[in-house]
Amino acid sequence: MVSSNTYDAIIIGGGHNGLTAAAYLARAGRKVLVLERRHVLGGAAVTEEVFPGFHFSVCSYVVSLLRPEIIRELDLPRHGLEILPLDGTFTPMPNGNHLWRMSDHGLTRREIYRHSPLDAEAYDEYGKAMVEMARFVKPIMSMVPPDPFAPDIEGLRGMAHMYKRFRALSTADRHNLLQLMTVSAVDLLDRWFETDVLKATMSASGIIGTFLGVRSPGTAYVLLHHYMGEIDGAFRAWGFSRGGTGAISLAIAAAAREAGAEVRSLAGVERIVVRDGRATGVVLEGGEEIEARVVASSLDPHRTFLRLLEPRTLPDDFVEEVRRYKLRGSSGKVNMALDGLPDFTAMPGAGAHLRGAISISPSVEYMERAYDQAKYGQYSRRPYMDIVIPSLTDPSIAPPGKHVMSCFVQYAPYKLSDGDWDTQKEAFGDTVVDTISEYAPNLKSLILHRQVLTPLDLEREWGLTEGNIFQGELSMEQLFFLRPVPGWARYRTPVRSLYMCGSATHPGGGIMAAPGRLAALEILKDWKRGKA
Ligand SMILES: Cc1cc2nc3c(=O)[nH]c(=O)nc-3n(C[C@H](O)[C@H](O)[C@H](O)COP(=O)(O)OP(=O)(O)OC[C@H]3O[C@@H](n4cnc5c(N)ncnc54)[C@H](O)[C@@H]3O)c2cc1C
């Protein structure tokens, strides 16, 4: 059945990037329809009342990378966006000691001094060097990647500008930048620091969402990717979104709707319709066909090109590149509803250390061992974890006196060597609880409910192939003009009028909204040139 409605653009997927693309297209006067398979909008940036009274940021849980120009242009605070500060990172250690880095620079310096006076000095220098690196890389986040394989005037200009900026860096910064692109997170940190727990906790940002260890080359860059938001705005850090990360998606959806976009949930797309080499619409899971001049997919390339399109629609070499695109999920999530607050042996009581991130990363060896198990197809028996208790900062998300605790867990490889995730899921949840209990022995007595998400759950429920949280690893060979595949990093695809607009495109995963915005601007450009 063909719907009588025809749209200028259909966006597949109502995650925050799809919604952002819709908002920009609708604001340009286009008739836009967003189609979301789930019952709720937001994709991996979603809030759900998983247990009565407990609202979880089910997948993503903190925000920092959301582009300031998008907050401004879509007027997101007016649509409900409010970012609350997340103060610091607390790392409990098995020997009863801890490391607690806070937003207050002086306090953090003192704390690091307690571990090593030399590191307290180096921490300042390191911070300055990272800010310089982030300053260089940051504008790249807001640009459409040039195509070095077939540069046009615009691309040549972009590359020349980047080269000029690179030349303008000091020799030390240039050296740092090149190092950052190639070395491992630990190799980078070894150059600056001697305190093991400091290096372990800091290196953790380098492995998030990748199937790499803290000693694997290339992870230093991922560390910078996560550092990027820290030089934005007032907080210079990660924050919580009031109401959970779903509130970000809902604010973007409200901006899109206000501009006239239609948004449908429970509307899974089964197929992208291609006629004469051009995308002309989609067919929904129930059989309904909807036509549009342009289709933009916010799903990963495996889903978009290998599932929603007939393979023969695409050139063979392109399909080969898509198949080579690395997803390799490596993380899971355990969300808990608690009857009170965990009490950490390393710092007893309900202090401010519980309001920031709690990092289970006591040593570099611990981190590397966690990876060793994943390499051989097992989830880490003592995993790295990034834990937050957002109900301390935003009490609206849990009943009075109760709390929600979110545990991001790595490693949880998508492919297990023994058994499968359906049978190992709860054992994985137990491992997480046992690990935290070694540092906070009262945890078990507080748990009212527990939700365990494995990479398989992320694939089944959120459509994240192989459970990769960023719709594809943020490794060097899949970034910038190589994301998702060489020659096709400018949001266009080999099928005319079919575009990509999600995290699998530049600048990649995280709640950034940049891929959605950049894709929409490219679509509008093609329209103007009569090419869409
Ligand atoms: C466990 C986890 C933790 C994370 N933690 C953080 C964090 O703390 N901070 C951070 O910045 N980032 C984090 N991320 C990453 C971040 O959430 C994602 O990169 C980002 O939300 C992806 O947005 P997107 O719009 O590109 O894609 P998605 O959110 O993947 O949206 C795609 C949408 O398409 C829908 N869909 C799938 N198939 C179809 C179909 N056939 N038809 C219609 N709709 C379909 C999906 O249901 C989904 O809603 C995390 C991700 C995960 C999974």
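In the set P139, P145, only one residue is within 27 Å of T505 (Cβ to Cβ), part of a loop (DSSP other than H, G, I, E, B) and under 23 Å from the mean Cα position of the chain (by Cα); that residue is P145. Checking each residue in the stretch 379-408 for being of a type outside the set (S, T, N, Q) and assigned to a helix (DSSP H, G or I) picks out P390, L392, P395, I397.
Whenever a residue of the stretch 110-136 is part of a helix (DSSP H, G or I), its partners that are surrounded by fewer than 18 Cβ atoms within 10 Å (Cβ to Cβ) and hydroxyl-bearing (S, T, Y), lying with C-beta atoms within less than 6 angstrom and at least six residues away or across chains, give the pairs A120/Y113. Condition check for R307 on (1) without any contact (Cβ under 8 Å) to a residue 40 or more places away in the chain; (2) within 15 Å of the ligand (Cβ to nearest atom); (3) touching a helix residue (DSSP H, G or I) at 6+ places or on another chain (Cβ under 8 Å): one failure, at (3). Among the residues in the stretch 29-39, are any touching a Cys at 6+ places or on another chain (Cβ under 9 Å), closer than 30 Å to G281 by Cβ, within 16 Å of the ligand (Cβ to nearest atom) and modelled with pLDDT of 95 or more? No, there is no match, as no residue in the stretch 29-39 is touching a Cys at 6+ places or on another chain (Cβ under 9 Å), closer than 30 Å to G281 by Cβ, within 16 Å of the ligand (Cβ to nearest atom) and modelled with pLDDT of 95 or more. Scanning the stretch 349-379 for residues that are over 28 Å from K415 (Cα atoms), under 22 Å from the mean Cα position of the chain (by Cα) and not basic (K, R) yields G356, A357. Among the residues of the stretch 202-240, those identified as under 20 Å from S60 (Cα atoms), open to solvent by less than 10 Å² (accessible area, probe 1.4 Å) and modelled with pLDDT of 90 or more are S203, A204, G206, I207, G209, T210, G239, F240.
Considered as a group, the residues in the stretch 44-70 that are away from the ligand (no atom under 14 Å from the Cβ) and either aliphatic (A, V, I, L, M) or at negative phi (or both) include one that is farthest from the chain's Cα centre (by Cα), and that residue is P52. For beta carbons closer than 7 Å, sequence separation of 6+ or different chains, a first residue in the stretch 253-266 that is within 12 Å of R78 (Cα to Cα) and a second that is among the small types (G, A, S) and surrounded by fewer than 20 Cβ atoms within 10 Å (Cβ to Cβ), the qualifying pairs are A254/G80. Only one entry of A251, A256 meets the criterion of being touching a His at 6+ places or on another chain (Cβ under 9 Å), buried (at least 23 other Cβ atoms within 10 Å of the Cβ) and not in a strand (DSSP E or B), and that entry is A251.
Condition check for L86 on (1) of a type outside the set (F, W, Y); (2) touching a residue at least 24 places away in the same chain (Cβ under 8 Å); (3) out of contact with any Ser or Thr (no Cβ under 9 Å at 6 or more places or on another chain): one failure, at (3). Filtering the stretch 148-186 to residues that are over 29 Å from G516 (Cβ atoms) and either of a type in the set (D, E, K, R) or outside any helix (DSSP H, G or I) (or both) leaves R167, L169, S170, D173, R174, V183, S184. For the stretch 72-97, filtering for residues that are open to solvent by 40 Å² or more (accessible area, probe 1.4 Å) and in contact with a Pro (Cβ under 7 Å, 6 or more places away or on another chain) leaves 1.
Yes or no, residue by residue, for (1) more than 14 Å from the ligand (Cβ to nearest atom); (2) of a type outside the set (F, W, Y); (3) more than 25 Å from N442 (Cα to Cα):
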residue: A350; (1), (2), (3): yes, yes, no
residue: Q373; (1), (2), (3): yes, yes, yes
residue: Q410; (1), (2), (3): no, yes, no
residue: D420; (1), (2), (3): yes, yes, yes
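Counting only residues that are more than 20 Å from P315 (Cβ to Cβ), within 13 Å of the ligand (Cβ to nearest atom) and not charged (D, E, K, R), the stretch 269-295 holds 6 of them.
When the stretch 4-24 is filtered for residues that are more than 6 Å from the ligand (Cβ to nearest atom), touching a residue at least 40 places away in the same chain (Cβ under 8 Å) and either open to solvent by 10 Å² or more (accessible area, probe 1.4 Å) or touching a strand residue (DSSP E or B) at 6+ places or on another chain (Cβ under 6 Å) (or both), the ones remaining, listed by number, are N5, T6, Y7, D8, A9, I10, I11, A21, A22, Y24.
The values are calculated or read from the model by the stated rules, or taken from the named source; none is laboratory data. All of these numbers come straight from a predicted model, not from anything done at the bench. For neighbour counting, all protein chains shown are included, and Cβ atoms are generated from backbone atoms with ideal geometry for every residue, glycine included. Just the protein is used for accessible areas: all its heavy atoms, side chains included, with ligands, DNA and RNA removed. Shrake-Rupley method; radii C 1.70, N 1.55, O 1.52, S 1.80 Å.
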